[in-house]
């Protein structure tokens, strides 16, 4: 378990690397839902997602521990973040990505001087390979979510939300392995437990939903079929899951078409390109509009790294 103090320390450690991302608003989206809707815009973050926060917090401390080589396993965003901060610190990094990784994310990793290796299609396949590489070369593996430094770094998003949106009542967070959600939950609930925090998953990548329902970590298959590539984990982390159990108020499942509609709406009406994983938070707020009427709501937009070649497959007519 992490605590609020660790997140506050992480904020100081990473402040010279990351952006404090803005809060965006859409009158049309707020009217559509019947609530004050705010978007915490991590798609405008350095490297295009929140992942730079946890990666910076972990890699900086790994270097302090004497790391000379870094590895990571990632569908793209975490890999970009690790490659970026490793390059900034002058440490070589190898990123193990799935065979179907988004091309634009792979290109970004390479542009940050990261070495790319392909392995399987799930986190259960690529994480062991990244760990193996670290052992072979005397390096340090930087996990995508299941580490206190990663969770604390991601939790700085929660601190910023509390500072930027006074009186926030509900927060929707996309959940993959649980690094972002566990960090935000800790920051928010240890500051104001009355704020309702709701996790969001694609219905075909519902490992956290099933794990919470069963009271134990429950792996699932077929998550690679979701367009929300950042949420395709097969199970929550051993470290993140207890925090989700302790603090998460609810979890909402959204369908693929709902994700596409939300992504399309934000692009069309707000002129913001967000990735499908981010759009799940907006889709959940739309789905739960009856429960959040009149409330002050933040949707965490986790990233905006979309492969230009696939955009047409992700968008739908919002007038339907």
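Side notes on the structure shown:
- Acute angle (nearest 10 degrees) that the helix 77-89 long axis makes with the longest principal axis of the chain, alpha-carbon atoms: 50 degrees
- Applying 0.36 nm per residue to the separation of residue 125 and residue 137 and subtracting their alpha-carbon distance, the gain on full extension is 2.4 nm.
- Dividing the summed -39500 (n - 2.57) terms of all DSSP H runs of n ≥ 4 by the residue count of the chain sets its mean residue ellipticity at 222 nm at -13500 deg cm²/dmol.
- Judged by the ratio a/c of the largest to the smallest principal axis of the C-alpha gyration tensor, the stretch 257-311 counts as prolate, that ratio being 1.5 or greater while a/b is larger than b/c.
- When 194, 249 are arranged by Cβ crowding within 10 Å, least crowded first, meaning fewest neighbours, the order is 194, 249.
- Ordering 18-29, 76-87 by mean Cβ neighbour count within 10 Å, with the highest value first, yields 76-87, 18-29.
- Least to most buried among 145, 118, 112 (fewest other Cβ within 10 Å first): 118, 112, 145
- Sorted fewest first by neighbouring Cβ atoms within 10 angstrom, 135, 110, 6, 275 come out as 135, 110, 6, 275.
- Nearest 10 degrees, 0 to 90: helix 256-270 Cα axis against the chain principal axis: 80 degrees
- Taking the convex hull of Cα positions in the chain, its mean projected area over all directions (nm²): 14.4 nm²
- Contact order for the stretch 1-69, expressed relative to its length and based on alpha carbon pairs under 8 Å spaced 6+ residues apart, stands at 29 percent.
- Relative to the longest principal axis of the Cα atoms of the chain, the long axis of helix 179-189 lies at roughly 60 degrees.
- Shape call, the stretch 100-183: gyration tensor on alpha carbons, a/c limit 1.5: prolate
- Length added when fully stretched, residue 118-residue 163, from 0.36 nm per residue minus Cα-Cα: 12.2 nm
- Most simply put, the chain has about 10% antiparallel DSSP beta bridges, counting only bridges with both residues inside it.
- In the chain, Cα pairs under 8 Å separated by at least six residues give a relative contact order of 22 percent.
- Gyration tensor verdict on the stretch 51-141 (Cα atoms; rounded if a/c is under 1.5, prolate if a/b is larger than b/c, oblate otherwise): oblate
- What separates the Cα centres of the stretch 184-227 and the stretch 239-310 is a distance of 13 Å.
- Between residue 89 and residue 220, full extension at 0.36 nm per residue minus the direct alpha carbon distance yields a gain of 43.5 nm.
Read the figures in this text as sums done on the coordinates, not as results from a lab. The structure presented is a predicted model; accordingly, all values stated were derived computationally and were not measured. Positions of Cβ are backbone-derived with ideal geometry, glycine not excepted, and every protein chain shown enters the neighbour counts.
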